1. Considering only region 13-70, give the strands (runs of 3 or more DSSP E) lying wholly within it that have at least 1 residues that are under 16 Å from Thr3 (Cα atoms) and under 23 Å from the mean Cα position of the chain (by Cα).
2. Would you check if there is a residue in region 43-56 being exposed (fewer than 10 other Cβ atoms within 10 Å of the Cβ) and within 30 Å of Val15 (Cα to Cα)?
3. If you go through region 10-24 one residue at a time, how many are farther than 17 Å from Ile38 by Cα and among the small types (Gly, Ala, Ser)?
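Derivation of every value follows stated rules applied to the coordinates shown; laboratory data play no part. Worth saying up front: this structure is predicted, and the values here are computed from it rather than measured. Glycine also receives a Cβ, built like all others from the backbone with ideal geometry; neighbour counts cover every protein chain displayed.
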Amino acid sequence: MSTPIATQMIPQGLVVPRAALGEWLERGVEVIKEQEQIIIRPRPAEPDEREEGIRILEEAGLLVQPDWEPTVPPVSDIELEELRRKFSMGQPLSEIIIEERNERW
């Protein structure tokens, strides 16, 4: 979409009416210099830090989305309750592990 705008060239630079840029001024504008023309357009929205980090890792090939389903099923409610019970006893994890090993022998 292109809309002709009345501009003025003065010694300080090119004058563009504020009304012509509207909400672009809130986001900021960038100037693109091409061989035959100069383009003024709204600045692209800044991605948040998390999205930017993910994009960089994906471009470097260090992060990929797997195309397979997880092979480990989620923990059932019964197993989850058993874990809650064991970890709420107030014992150190190492002692709980030793007890479980002794139960199996």
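1. Numbers: elements: 13-15, 29-33, 38-42.
Where strands (runs of 3 or more DSSP E) fall fully within region 13-70 and carry at least 1 residues being under 16 Å from Thr3 (Cα atoms) and under 23 Å from the mean Cα position of the chain (by Cα), they are 38-42.
2. Filtering region 43-56 for residues exposed (fewer than 10 other Cβ atoms within 10 Å of the Cβ) gives 44-45, 48-50.
Subset that is within 30 Å of Val15 (Cα to Cα): 44-45.
The answer is yes; a qualifying residue exists.
3. So the count comes out to 2.
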